[in-house]
1. If you go through segment 39-48 one residue at a time, how many are in a loop (DSSP other than H, G, I, E, B) and open to solvent by less than 70 Å² (accessible area, probe 1.4 Å)?
2. Can Arg99 be described as open to solvent by 50 Å² or more (accessible area, probe 1.4 Å), touching a Cys at 6+ places or on another chain (Cβ under 6 Å) and part of a loop (DSSP other than H, G, I, E, B)?
3. Any chance segment 81-89 includes a residue that's open to solvent by less than 70 Å² (accessible area, probe 1.4 Å), under 16 Å from Leu41 (Cβ atoms), out of contact with any strand residue (DSSP E or B) (no Cβ under 7 Å at 6 or more places or on another chain) and modelled with pLDDT under 95?
4. List every residue pair whose Cβ atoms lie under 7 Å apart, where the two residues are 6 or more positions apart in sequence or sit on different chains, the first residue falls within segment 104-120 and is part of a strand (DSSP E or B), and the second residue, located anywhere, is β-branched (Val, Ile, Thr).
5. Going by what's in this entry, would Thr93 be described as polar (S, T, N, Q) and touching a strand residue (DSSP E or B) at 6+ places or on another chain (Cβ under 8 Å)?
Amino acid sequence: MYKILTYIFIVSLFCVAVSCKSTNAPEGPQAPWLTDLIQQLEQDAPANPPAKIYRYTYNNQEVYYLTGRCCDIPSKLFDKDGAQLCEPDGGITGRGDGRCPDFAEKRTNETLIWEDKRER
């Protein structure tokens with residue numbers, strides 16, 4: 001009986017964890033520029049590590065963070081309208097272009113919008 005209850009408990013925890021992970025999906029329709037960016041990334045060869053797009057709040061505005069492809073390739077930070085604000089990290093120095101050096105410390109409300117799940 002103890003084993004059955006333990007099994008049910010573990011399965012229940014797994015189901016809760018899986019359902020919580022699904023909240024990373026964007027609410028409502030995406031902006032056209034974001035849909036276009038995702039389509040372009042899907043046409044490119046898979047990156048290593050895989051490309052991801054996160055939504056954050058930064059300096060009281062909604063922003064979108066595209067992770068860097070690899071090594072010295074910088075990440076990109078966009079405003080809600082798709083204008084590039086900066087390259088927060090990556091590049092030769094690993095510190096991006098210096099236009100938003102406090103992004104990592106000030107960003108809040110992380111939401112995963114998209115992740116490239118293709119195999120490299």
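1. Step one: of segment 39-48, the residues in a loop (DSSP other than H, G, I, E, B) are 44-48.
The next check asks that each one be open to solvent by less than 70 Å² (accessible area, probe 1.4 Å); those that pass are 44-47.
Looking only at that region, the number is 4.
2. Values: open to solvent by 50 Å² or more (accessible area, probe 1.4 Å): yes; touching a Cys at 6+ places or on another chain (Cβ under 6 Å): yes; part of a loop (DSSP other than H, G, I, E, B): yes.
Judged against the criteria, Arg99 is a match.
3. Here is the first cut: in segment 81-89, the residues open to solvent by less than 70 Å² (accessible area, probe 1.4 Å) are 82-83, 85-89.
Subsequent filtering for residues that are under 16 Å from Leu41 (Cβ atoms) retains 82.
Now restrict to residues that are out of contact with any strand residue (DSSP E or B) (no Cβ under 7 Å at 6 or more places or on another chain): 82.
Filter once more, so that each one left must be modelled with pLDDT under 95: none.
The answer is no; no qualifying residue exists.
4. Between residues of segment 104-120 that are part of a strand (DSSP E or B) and residues that are β-branched (Val, Ile, Thr), the close pairs are Thr108/Thr57; Asn109/Thr57; Ile113/Ile53; Trp114/Ile38; Trp114/Ile53.
5. Working: polar (S, T, N, Q): yes; touching a strand residue (DSSP E or B) at 6+ places or on another chain (Cβ under 8 Å): no.
Considered against the rule, which asks whether it is polar (S, T, N, Q) and touching a strand residue (DSSP E or B) at 6+ places or on another chain (Cβ under 8 Å), Thr93 comes out as no.
Residue by residue, here is whether (1) out of contact with any His (no Cβ under 9 Å at 6 or more places or on another chain); (2) aliphatic (A, V, I, L, M); (3) at pLDDT 50 or above; (4) within 14 Å of Thr111 (Cβ to Cβ) holds:
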| residue | (1), (2), (3), (4) |
| --- | --- |
| Leu5 | yes, yes, no, no |
| Ser22 | yes, no, no, yes |
| Gln43 | yes, no, yes, no |
| Ala51 | yes, yes, yes, no |
| Val63 | yes, yes, yes, yes |
| Gly68 | yes, no, yes, no |
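The values are calculated or read from the model by the stated rules, or taken from the named source; none is laboratory data. Not measured: the values here are computed from a predicted model. Neighbour counts run over all protein chains shown; Cβ positions are idealised from the backbone, glycine included. These area figures cover heavy atoms from the full protein model, side chains too; ligands, DNA and RNA do not enter into them. Shrake-Rupley method; radii C 1.70, N 1.55, O 1.52, S 1.80 Å.
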